[in-house]
1. From the P(r) of region A:209-349, could you give the percentage of C-alpha pairs in the tail past 20 Å?
2. Using alpha-carbon positions, what is the distance between the centroids of region A:205-283 and region B:108-142, in Å?
3. Over all residues in A:231-239, what is the mean tally of Cβ atoms on other chains that come within 10 Å of each residue's Cβ?
4. For B:Thr166, B:Thr81, what ranking results if the residue with the fewest other Cβ atoms within 10 Å of its Cβ goes first?
5. With a 10 Å Cβ neighbour count serving as the proxy for reagent exposure, in which order, fewest first, do B:Val171, A:Val112 appear?
6. Antiparallel versus total DSSP beta bridges in the protein assembly as shown: what percent is that, nearest 5?
7. Note down the relative contact order for chain A as a percent, whole number, built from C-alpha pairs under 8 angstrom at least six residues apart.
8. Please work out the C-alpha center-to-center distance from region B:181-250 to region A:296-349 and express it in whole Å.
Amino acid sequence: MPELTNRFTSRRGLLFGTAAVSAGALLAGCTSNESDDEPAANDQPAAEDKPGKEVTIGFAGPQADHGWLNAINDNAKSRAKKYSDVTLEITEGSNDTAQQIGQIETLINKKVDVLVVLPADGKALTQVGLKAMRAGIPVVNLDRIFNTPQAYRCWIGGDNYGMGLNAGHYIGEKLKGKANARVIELAGLDNLELTKQRTQGFDDALKNYPNIKKVARQAAEFTVESGQAKMAQLLQAQSKFDALWNHDDDQGVGALRAIEQAGRDDFLMVGGAGALSAFQAIKQDNGVLKATVLYPPTMAASAIDLARALGQGKGVSGMAEFEIPASLTLYSAVVDKDNVDTYMSTGFK
Amino acid sequence: MTQHVSPPRDGTDKTAPVGQPPSWRGMLVRADVRTLSLLGVLAVLILIGGITKPDEFLDTRNLQLVLTQASVIGVVTVGMTFVITSGGIDLSVGAIVALSSVWATTVATQEYGFGGILFTAVLVGVGCGLVNGLLIAYGGMVPFIATLAMLASARGLALQITDGKTQIVTVEGVLDLGERDAYVLGIPPLVMVFAVVTIIGWLILNRTTFGRRTVAVGGNAEAARLAGIDVRRQRLYLYLLSGLCCGIAAFLLIILSGSGQNTNGNLYELDAIAAAIIGGTLLTGGRGTITGSVLGVLIFTTITNIFALNNLQSDVQQIAKGAIIVAAVLVQRRTASTT
């Protein structure tokens, strides 16, 4: 009996399967996202352009499941391509700690000259960083920092506190002289330490402006969907305010949609991270978005520069030291209408 | 869990077997008490919102906002209610919404305009539902595992299509539906779709053979098979229905957010299951209520709204949300058992 039904099932399954496959084929043409845009990358000239000793750089990053991480990968790849003396060994990105450890160990076994690591979780990957350093492979730790400085030769990353600080100062200056100014904050994922740091920086900056009061804060989840939902609620809660800081341009797409749907334009908005869509909106200057604070994905290109310099035993040109620094915190520049053209090419999608 | 369900397996909120007056009446009363207690919870929430933020909460725009935010997850929950009523589960709803929304907003799809986006969103949803249904009904896979597998692959495919990028919709016809100008008599189009899906869902579950079969399969699949119901085909249709709801929800989400992103529909499966359970649908199957599910969704959305209006942070929101789920279920149990 079971065998009989099984055979019957598989034939029917085949029929349905065929229907599904053909429906799929019909749709398959629609998955294309081809466009002629260049990937986000930095055109800044590389540190020392004269080819030197051949360097093999191993690169391990997390899964590029959102725009910023995707830009990190693009920046690393395109930078490495610019150097004729650099070979890039890039692993498939993973958010799984165990898998990323395995990938880095493979790179260590391959005896790459230098490692660039953007850990999925900085603390969890400390051990493998230590292992690489002990094996004599210098590690450039990108953005998400390891537990101990012993696990990296050089750390380079963004400044979350500085993002909040600069956003706060920008808004503070814009609202100078306005009595009882009201400011609201659309934060990112509250589970993350970086969100707390951004909010802390923002609050600290606002303390310099006694005329400004932060009246509301809601946390979205770095996604368009959550940005729209939380912003719609914030707009309903606050019938009047003067400025808004949104931590992240990705969720900002949703936030701008909510603002448009509510028909509001009586305030100024500052974004965060530096997405292409945000740069374009700032340049057009016909909406509420007037500026964004950078968390530059070009740091991956700089990490390749540093790794190459390490591999060739050089320092950073333009500095007196013979060695590259142990730690580099990048500046969170404010991009507004005046300087947006400079940064346009670094915008990510 | 199923023991306390009274002998007649048919337990939807309004229908009952004819010819058994006592249990028929008992069933009706119990169902009504269940719905009434949910309405009571909602009334208390509205009272809290009205007291804490009278100007912002008791406002037409806020009502429109709450109902709009409820629409997307509401449509998903209607489909989920059918699946759970049949004793199944669909963990893949969030991932299907994500996949549908990104597939429907690629550069290539957007070239076909409004129709192309709608068609793709719905067809991808139905397609995923079909695969789920085939695996479960004819492949003999447990719903939990089959839909878990779909969750993983649909999210993966969504990521592959977007490459992690946000796909912004430029088709005016789609975007316009989310603007205030599109409201008819003050009702947003999204809310209308939600209402229509709810009414159709209610009619199917309570007034059709299909609905009765669903309940029968959930109550006792073997008995249903012996009674001449093609259980496997019924299951296939149910997951297809859930997929269809996900496709519709994805289209609503595209209108609402003006974009497609692979992170869309995050944890919808849990929200939809929670709303259905709070509403009074049995997780073990055999009893389902669309009215209850929709009230469950409205309760969740109203809570979120009140918290945001009062500027409470996510940590407090999450703690309170958990407490309210427990409270709502306890209140329901009590009121249901005392009658």
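Bear in mind that the values in this text are calculations on the coordinates, not laboratory data. This structure is a prediction, so every number in the text was calculated from the model and none was measured. Please note: Cβ atoms are built from the backbone with ideal geometry, for glycine as well, and neighbour counts cover all protein chains shown.
1. In whole percent, the long-distance tail amounts to 54.
2. 34 Å
3. Rounded to a whole number, the mean comes out at 6.
4. The most exposed by this proxy come first: B:Thr166, B:Thr81.
5. B:Val171, A:Val112
6. Of those bridges, close to 15 percent are antiparallel.
7. Working: 688 pairs, mean separation 65.3, N = 349.
Rounded, it is 19 percent for chain A.
8. Measuring centre to centre over Cα atoms gives 55 Å.
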